[in-house]
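Report on one structure; see the data block that follows.
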Amino acid sequence: KVCVTIGEKDTDIVITSYQNNIFIIATQNGKCGTMVFAEKDAKAIGTQPTYSVKVLMGKRDDELISLVARNLVTKVAPKSLLLGINLKNLNMKTAKELIKKIDAYKPS
């Protein structure tokens with residue numbers, strides 16, 4: 001667990017690595033928020049890999065949350081990702097900050 005500043009707010013990030021997936025929670029109020037599952041698809045289209053993102057619970061219409069999950073799963077591939085995200089003001093700037101911070105603290 002690390003505490004970082006994202007969007008001028010203290011943010012707790014917890015990263016737990018399992019054999020076949022990674023579980024990440026990024027929260028500014030101690031709750032898991034929207035839960036998203038992302039994984040690399042078994043079959044790629046052309047030479048580029050494709051990824052599936054599914055909101056399990058929470059905000060289903062927030063494209064930024066899906067963008068964060070898709071971006072993170074590409075960085076932690078070949079594992080799948082379960083992401084809990086609860087940021088008070090999620091916008092493109094805070095999404096980029098979050099991805100950068102998680103990438104810096106991810107397990108190797």
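For segment 40-55, filtering for residues that are open to solvent by less than 40 Å² (accessible area, probe 1.4 Å) and not in a strand (DSSP E or B) leaves 1. Taking residues in segment 19-39 that are in contact (Cβ under 8 Å) with a residue 24 or more places away in the chain and open to solvent by 40 Å² or more (accessible area, probe 1.4 Å), and partners anywhere that are in a strand (DSSP E or B) and of a type in the set (D, E, K, R), the pairs with Cβ atoms closer than 6 Å and at least 6 places apart or on different chains are PHE37/LYS54. Taken over segment 4-51, residues that are more than 24 Å from ASP62 (Cβ to Cβ) and out of contact with any helix residue (DSSP H, G or I) (no Cβ under 9 Å at 6 or more places or on another chain) amount to 10. One residue alone among VAL36, VAL68 is assigned to a helix (DSSP H, G or I), under 14 Å from the mean Cα position of the chain (by Cα) and within 22 Å of ILE6 (Cβ to Cβ), and that residue is VAL68. Checked against (1) assigned to a helix (DSSP H, G or I); (2) surrounded by 14 or more Cβ atoms within 10 Å (Cβ to Cβ), LYS75 passes all but condition (2).
Any residue at all in segment 1-11 that is in contact with a Phe, Trp or Tyr (Cβ under 6 Å, 6 or more places away or on another chain), part of a strand (DSSP E or B) and within 15 Å of ILE99 (Cβ to Cβ)? Yes, because at least one residue in segment 1-11 is in contact with a Phe, Trp or Tyr (Cβ under 6 Å, 6 or more places away or on another chain), part of a strand (DSSP E or B) and within 15 Å of ILE99 (Cβ to Cβ).
The values are calculated or read from the model by the stated rules, or taken from the named source; none is laboratory data. Source: prediction; values computed, not measured. FYI the Cβ positions are ideal-geometry reconstructions off the backbone, even for glycines, and counts take in every protein chain you see. SASA here: full protein model, heavy atoms, side chains in, ligands and nucleic acids out. Shrake-Rupley method; radii C 1.70, N 1.55, O 1.52, S 1.80 Å.
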